[in-house]
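Visitor: Dumping the structure here so I can ask a few things about it.
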Amino acid sequence: MIFRRKQKAADLSALTSELEQAVAARDGGRTERAFGVAMSALQSATGTECVLAGPRLAALLPAFPPTGPRPTLATMAGFCVERGADPAACAEPILDGTHRDLLDALEFARRWSAAGGAGDELPEADEKIIDDALMARLGGEAHEALRLALAWCSVEQWQPPALAVLCRSTEVRRRHASALLSACRDLAALEQHDLKCLAYALAILDDEPLVVLHRPTRTGFEVRIGGIGDNFQLHTLLAHVLVGGGHVPGTAPSAESVRLAMDPEPAKGRTGAVATGAFELLAPDGERIWNEGLPDDIPVVAGHRLLVLDEPMYPRSWNADRFFPMLPGTAELTRALSADEVQAWFTYTCWTS
């Protein structure tokens, strides 16, 4: 939940109209006042008010100055999505803003490093670092330098509203995620920002065909997956489909762990449910596919993601709650492969015989 709810206090629609008019008039003082009042009113708004206000607040993002409180405005729109506003109607301005700040933060890092000496570390992402010396180091036009510095310091603030739209709409992920993923991973690799949740959401696979080979029985299957937040969830769902369905030997996952992985209704907070490992997840070259990783880590071979399942190397278990509570995962067995198909797919692995 982005904001905590308070008692009903004001007409959000009227306050949003005032904010829209202030932005259209390019009146900075009026915009600042209207923005503050609307943000306060949002915390006590009804679900119906949030449904109507979300797209209107998101639509204001392009008109806000890059050095203004755009992440906070995006957070307001994201809160409305959490309360029922259409994620697809809010997504483009929120994710465009997220993408711009990711790129600006990367440009900040490039300029900072280019102007420094060997071993000069990147600064922490805190606005207290912004001073005349930093601006001079970044170079270029002052307003642009300030925009880059603010992006470096505030890019994590885009994560909650981005997740609000990404985790509630397959359409949003299909239309927008791939454009942001590379920049998100590049910035996260600099190890100055915690963008794990955003990176995971952008990498979610939807309606993705997966070829699964079970090495101990030399059998194979086509499985179609979607909405899976990490490989813990994938592991549970594959065990449910293949072991629970009687296709391979092993111990099927508990009904509760499967429910937590698939139920459209998210759990009310953390549970004590435990999932147990049924397999070792392996890439075609024999390297381990970690449970902590993503389905997107599974290599693409001959046009399909190819996963090998083996006997678990040791007993393992984990909390069964899914990574993204609002996003139920799916795994559907499409068909069992013929013996000839299985043999052909094994030729792409290190277990050719």
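Visitor: Determine which member of the set 288, 316 is at pLDDT below 95, at negative phi and surrounded by fewer than 17 Cβ atoms within 10 Å (Cβ to Cβ). If you could, list the steps in order and put the result at the bottom.
Guide: On the way: 288 fails: at pLDDT below 95.
Going through 288, 316 in turn, the sole match is 316.
To keep it simple, each residue is scored yes or no on (1) at pLDDT below 90; (2) surrounded by fewer than 18 Cβ atoms within 10 Å (Cβ to Cβ); (3) touching a Pro at 6+ places or on another chain (Cβ under 9 Å); (4) not polar (S, T, N, Q).
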site: 1; (1), (2), (3), (4): yes, yes, no, yes
site: 14; (1), (2), (3), (4): no, yes, no, yes
site: 17; (1), (2), (3), (4): no, yes, no, no
site: 28; (1), (2), (3), (4): yes, yes, yes, yes
site: 35; (1), (2), (3), (4): no, no, yes, yes
site: 42; (1), (2), (3), (4): no, no, no, yes
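Visitor: Residue 136 is checked against (1) part of a helix (DSSP H, G or I); (2) free of Cβ contacts under 8 Å to residues at least 40 places away in the same chain; (3) open to solvent by less than 60 Å² (accessible area, probe 1.4 Å) and fails just one. What number does that condition carry?
Guide: (3)
Visitor: Next question. Looking at region 332-345, I want the residues that are under 17 Å from residue 242 (Cα atoms) and of a type in the set (Asp, Glu) and have a partner that is open to solvent by 50 Å² or more (accessible area, probe 1.4 Å) and at pLDDT 95 or above with Cβ atoms under 8 Å, at least 6 apart or on another chain. Which pairs are those?
Guide: Cβ pairs passing all conditions: 332/224.
Visitor: Can you tell me which residue is nearest to the chain's Cα centre (by Cα) among those in region 59-90 that are over 19 Å from residue 156 (Cβ atoms) and of a type in the set (Gly, Ala, Ser)?
Guide: By that ranking, first place goes to 88.
Visitor: Look at region 67-106 and say how many of its residues are under 19 Å from residue 150 (Cβ atoms), charged (D, E, K, R) and open to solvent by 50 Å² or more (accessible area, probe 1.4 Å).
Guide: Number satisfying all stated conditions: 2.
Visitor: Taking residue 121 and the conditions (1) under 25 Å from residue 56 (Cα atoms); (2) surrounded by fewer than 13 Cβ atoms within 10 Å (Cβ to Cβ), which numbered condition does it fall short on, given that it satisfies the others?
Guide: Unmet for residue 121, out of (1) under 25 Å from residue 56 (Cα atoms); (2) surrounded by fewer than 13 Cβ atoms within 10 Å (Cβ to Cβ): (1).
The values are calculated or read from the model by the stated rules, or taken from the named source; none is laboratory data. Treat the numbers as computed from the prediction; the structure is a model and nothing was measured. We place every Cβ from the backbone using ideal geometry, glycine too, and count neighbours over all the protein chains shown. Side chains are part of the model used for accessible areas, which takes the heavy atoms of the whole protein and leaves out ligands, DNA and RNA. Shrake-Rupley method; radii C 1.70, N 1.55, O 1.52, S 1.80 Å.
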